[in-house]
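This report concerns only the one structure given below.
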Amino acid sequence: MTKSLNKIAKRRTWTDEDKRMIALLYPCSNTEALAKLFNANKCQVFNIAGKVNVAKSQWFKDSPMSGSLKHDNNAGKAFRFKKGQVPPNKGKKITPHPNAIKTQFKPGQASPNRKPVGTYRIVEDGYLEVKMADGPRQWKSVSRLVWERCNGKIPDGHMIAFIDGNKLNVEITNLRLMNKAENAHRNHPKKYGKEFAQVAQLKGAITRQINKQRKEHEQRHSSTQITPV
């Protein structure tokens, strides 16, 4: 159910005729007006429009009915700030609500999510990182730090690979420097056998077909949009 203005909207059953009318009227009509016509709320009209795959037409978006402010639209002009107009609250100190003061950060207060320098973490792709300092972007890859401490700066276009495949094994004897071409060859599907390579190729073919059909569906949908005359 949808809550709007603290009221629970009544469930609306849409008939096939309702859906056909929504598909016809929604692209060129005001949503609030449609809600009154179908005895529903705007959220329900918006949801059913999505289910029947219709959207507002460009004609409607460019029309005054859309309510969008354009350069030549004077809607609300009387209430806009004039050049040089002073805001009524300028120079006034706004006192926060007492309940808001309780939860405000105090000067020097650290975030409860803050991690101390030296903290280790495992990121989503499985690599081990360590926090080197406070501030943004201060987490560094442990494997890169270990390699550079023993061998110097990593050259551009190169990366650190794990000989045994374990990203948490950051011993220097398990680290290997390689360029991106070597890494691509190292991770090629054929390395894992003919069957694995065939599965990888099949997965790629299926993904391409799904993307192709989705694109064709979107093109058909855009070409069948109802444009008011």
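The values are calculated or read from the model by the stated rules, or taken from the named source; none is laboratory data. These numbers come from a predicted model, not from an experiment. Neighbour counts are summed over all protein chains in view; Cβ atoms, including those assigned to glycine, are modelled from backbone coordinates with ideal geometry.
Points worth noting:
- Some residue of region 127-141 being out of contact with any Cys (no Cβ under 9 Å at 6 or more places or on another chain), closer than 22 Å to L175 by Cα and in a loop (DSSP other than H, G, I, E, B): yes
- K115 more than 30 Å from H185 (Cβ to Cβ), without any contact (Cβ under 8 Å) to a residue 60 or more places away in the chain and not in a helix (DSSP H, G or I): yes
- Failed item in (1) in a helix (DSSP H, G or I); (2) exposed (fewer than 13 other Cβ atoms within 10 Å of the Cβ); (3) modelled with pLDDT of 85 or more, with L34 passing the rest: (2)
- Within region 40-56, being within 17 Å of R20 (Cβ to Cβ) and assigned to a loop (DSSP other than H, G, I, E, B) holds for A40, V52, N53, V54, A55.
- When residues of region 142-186 are limited to those that are among the charged types (D, E, K, R) and part of a loop (DSSP other than H, G, I, E, B), the one nearest to S111 (Cα to Cα): K167
- Count of region 143-158 residues, restricted to those that are within 34 Å of the chain's Cα centre (by Cα), crowded, with 17+ Cβ neighbours inside 10 Å and not hydroxyl-bearing (S, T, Y), is 1.
- When we screen K42, K83, K51, K19 for residues that are more than 30 Å from Q219 (Cα to Cα), basic (K, R) and not assigned by TED's automatic domain parsing to the domain that holds W139, the only hit is K83.
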